[in-house]
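A.B. asks: I'd like to ask you about the structure that follows.
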Amino acid sequence: MKGGVWMGIEVDEKGMEGRIESGYAEVKRDSLDEGMRVGKEGKKEGKGLWMGLLGNGGEVLAEMIGGKLIGDVLREQRCGEDGLKG
C-alpha cells in the first residue's frame with residue numbers, strides 16, 4: 001500500500017468477515033468516525049492499511065460528502081456475475 005489507506009464499505013457483516021479471513025481487508029470498523037481515526041493514524045505513521053467499513057454505501061457516502069472525508073479516489077465495486085450472492 002506504500003503508506004496509503006484504503007477503506008472499503010461493505011453492507012454485509014458476513015461478507016466483511018470473509019474479506020478479513022481471505023486477507024482482502026486487514027481490519028473492520030463499524031462507524032465512519034472510527035474508520036477515519038484508524039485511517040488517520042495509519043497515514044500519519046506511513047503504514048499501509050486495508051480497512052473494511054461496515055455500513056450502507058449510500059449512507060456512508062452521504063456522511064463523507066457532508067464534510068467528514070474527501071478521499072483521493074472513489075470507486076464502486078460489485079460482482080457483475082452474481083447480483084444476489086456477490
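The values are calculated or read from the model by the stated rules, or taken from the named source; none is laboratory data. A quick note: this is a predicted structure, and the numbers were derived from the prediction, not measured. No Cβ is skipped: glycine too gets one built from the backbone with ideal geometry, and neighbour counts run over all protein chains shown.
A.B. asks: Take the residues in the stretch 3-31 that are more than 18 Å from Gly58 (Cα to Cα) and part of a strand (DSSP E or B); name whichever of them is modelled with the lowest pLDDT. Walk me through how you get there before you give the answer.
C.D. replies: Going through the stretch 3-31, the residues more than 18 Å from Gly58 (Cα to Cα) turn out to be 3-5, 14, 17-28.
Applying the additional criterion that residues be part of a strand (DSSP E or B) yields 5, 27-28.
Values: Val5: 85, Val27: 90, Lys28: 93.
Looking at residues that are more than 18 Å from Gly58 (Cα to Cα) and part of a strand (DSSP E or B), I get Val5.
A.B. asks: Let me ask something additional. Which ones in the stretch 41-57 are assigned to a helix (DSSP H, G or I), touching a residue at least 12 places away in the same chain (Cβ under 8 Å) and either among the charged types (D, E, K, R) or at positive phi (or both)? Give the steps one after another, and end with the answer.
C.D. replies: Of all residues in the stretch 41-57, those assigned to a helix (DSSP H, G or I) come to 41-45, 57.
Narrowing the set further to residues that are touching a residue at least 12 places away in the same chain (Cβ under 8 Å) leaves 42-43, 57.
Across the stretch 41-57, the qualifying residue is only Lys43.
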